[in-house]
Amino acid sequence: MEENAKSEEESFKTPGERIVKLCEKQQISQRELARRIGVTSSQISRILKGETKTINSDMLMALAQEFGVSTDYILGIVNNPENTQSMENTENLAAESKDMEERREQPFHTPMLLMSSAFPLGGCIDFIESLADQDEKMMAYAEYYYFSGHHEKAVEYAEMYLDHPDIMLKMSACLIYTFANLSLNHIHSARMGLNRLTENLDQVMKGNTDRKAKAFGVFVAVAAHTLLHLPVGDIPPLSDYVGEFKKGKQLWGVYVLAHKAYLDREYQRSLGIVEACLMTTKEIYPISMIYLNLVAAMNAMNLMQTELAKKYFMQAWEIARPDGLIEGIGEHHGLLQGLIETCLKKDYPKDYERIIAITYKFSFGWRRIHNPDTNEYVADNLTTTEFTIAMLASRGWTNQEIADYMQITPRTVKQHMTCIFNKMSISNRKQLKDYMLR
């Protein structure tokens, strides 16, 4: 009778409760368990708290092997943890292992699926909810939360896939995890993400993986190198691999190439790349097209074609606004050289405030991770207005041209320039140009 009651009690335990009991029995902590099976402590924590609805098969097998019980016991299908030596359980474990191997041999998931996909403006969440594959859906939410500026949620979702057996999902998670932690000023976590990213890239580039996996590895490496300005080792040309991607990721790959040309001050060439790409694309790939229009606006500003710059910026805004995909606009604030202020501040004040908040958070995190690695000093005490004026002045704009563009007086521009020189410990525009454009 007592044994039946005990068995009945066991049947009501959740996987998390059973894992807690097993940890207590073997006297190991949550952190130690995570270390032993090669996952993060937060992944274990979510299972123990019942926040994770399903346990992926890799983790389930690792837990069963660590505790010496069946996966059925952890899931609550059977109530006796001591039946692991039975023939039936041995056969179950063997079948699970075979299933795992078969799953590993299946084609990779689509990396950065949301970025790669076309969906109606305003239909981002509906598109994500329509995904049948649970792993792709969760990672698509990680992308959505990142590109909409909800960095805490992006980290939470991406973190679950940092140790996933699918290298595509794992690298996608590392990329999102790193960038989102930058904006949260979690520099230790951002560095950890970068380290894992580098390890995964080495695995892909040196391992016996197929060309599509290598292509995504090159994509991730070039994106991190171009956008964070950090070394990630020898990288083959991204242009050699763009053809391996789906259309949406091809577009974002083109954005990275155009951004690289922009950094090399080849503004007309960069603008031409974007224009040709947009003209030959019929469907709307929101995330990629936001970034393409932003880099086009940046190039137009450097060519002093302000009306064309406003046109491209507003195209980016009209794509971003329905789903709140404003992260890219905030990240590019300084490079957009006042377009956010002139195009959004008056007509979209609440959106403008959110974008500026993203700007400050991302730029602060970017500087903290950038400065020690490059031995360069990046000014961290200019206001957004001062930074905009400094960028324009360094590109040869006169005080009058800056005043006309920003709808302020030449005297106000001069006052800002004095503050800029004082903060940067310089005394003239030549020094400013050398500083801002190096």
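Quick notes on this one:
- Of the residues making up segment 22-44, those that are within 13 Å of GLU66 (Cβ to Cβ) and either of a type in the set (Lys, Arg) or in contact with a Lys or Arg (Cβ under 6 Å, 6 or more places away or on another chain) (or both) are LYS25, ARG35, ARG36.
- Residues that are among the hydrophobic types (A, V, I, L, M, F, W, C) and in contact (Cβ under 8 Å) with a residue 24 or more places away in the chain, drawn from segment 126-166: MET139, ALA140, ALA142, PHE147, ALA154, VAL155, MET160, LEU162
- In the set (1) within 18 Å of ALA320 (Cβ to Cβ); (2) more than 24 Å from the chain's Cα centre (by Cα); (3) not small (Gly, Ala, Ser), LEU278 fails one condition alone, (2).
- Members of segment 158-216 that are under 24 Å from VAL242 (Cβ atoms), of a type in the set (A, V, I, L, M) and either surrounded by fewer than 18 Cβ atoms within 10 Å (Cβ to Cβ) or in contact with a Leu (Cβ under 8 Å, 6 or more places away or on another chain) (or both): MET171, ALA173, LEU175, LEU194, LEU197, MET205
Residues checked against (1) among the small types (Gly, Ala, Ser); (2) more than 26 Å from ALA357 (Cβ to Cβ):
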position: PRO120; (1), (2): no, yes
position: LEU131; (1), (2): no, yes
position: ALA142; (1), (2): yes, no
position: TYR157; (1), (2): no, no
position: ALA173; (1), (2): yes, no
position: SER189; (1), (2): yes, no
position: GLN203; (1), (2): no, yes
position: ASP210; (1), (2): no, yes
position: ALA224; (1), (2): yes, no
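- If you go through segment 263-309 and keep only what is free of Cβ contacts under 8 Å to residues at least 60 places away in the same chain and aromatic (Phe, Trp, Tyr), you end up with TYR267, TYR291.
- Residue check for ILE402: modelled with pLDDT of 85 or more, surrounded by 12 or more Cβ atoms within 10 Å (Cβ to Cβ) and within 35 Å of the chain's Cα centre (by Cα): yes
- Selection from segment 90-143 of residues that are among the β-branched types (Val, Ile, Thr), modelled with pLDDT of 95 or more and either closer than 30 Å to VAL69 by Cβ or surrounded by 18 or more Cβ atoms within 10 Å (Cβ to Cβ) (or both): ILE128
- Among all residues of segment 276-285, there is none that is modelled with pLDDT of 95 or more and not in a loop (DSSP other than H, G, I, E, B).
- Options ILE356, ILE319, ILE290; residue that is at pLDDT below 95, of a type outside the set (Lys, Arg) and not in a loop (DSSP other than H, G, I, E, B): ILE356
- Residue in segment 385-392 that is modelled with pLDDT of 80 or more, touching a Phe, Trp or Tyr at 6+ places or on another chain (Cβ under 8 Å) and buried (at least 16 other Cβ atoms within 10 Å of the Cβ) present: yes
The values are calculated or read from the model by the stated rules, or taken from the named source; none is laboratory data. Because the structure is predicted, anything quoted here is derived from the model rather than measured. Because the Cβ atoms are built from the backbone with ideal geometry, glycine has one as well, and the counts that use them run over all protein chains shown.
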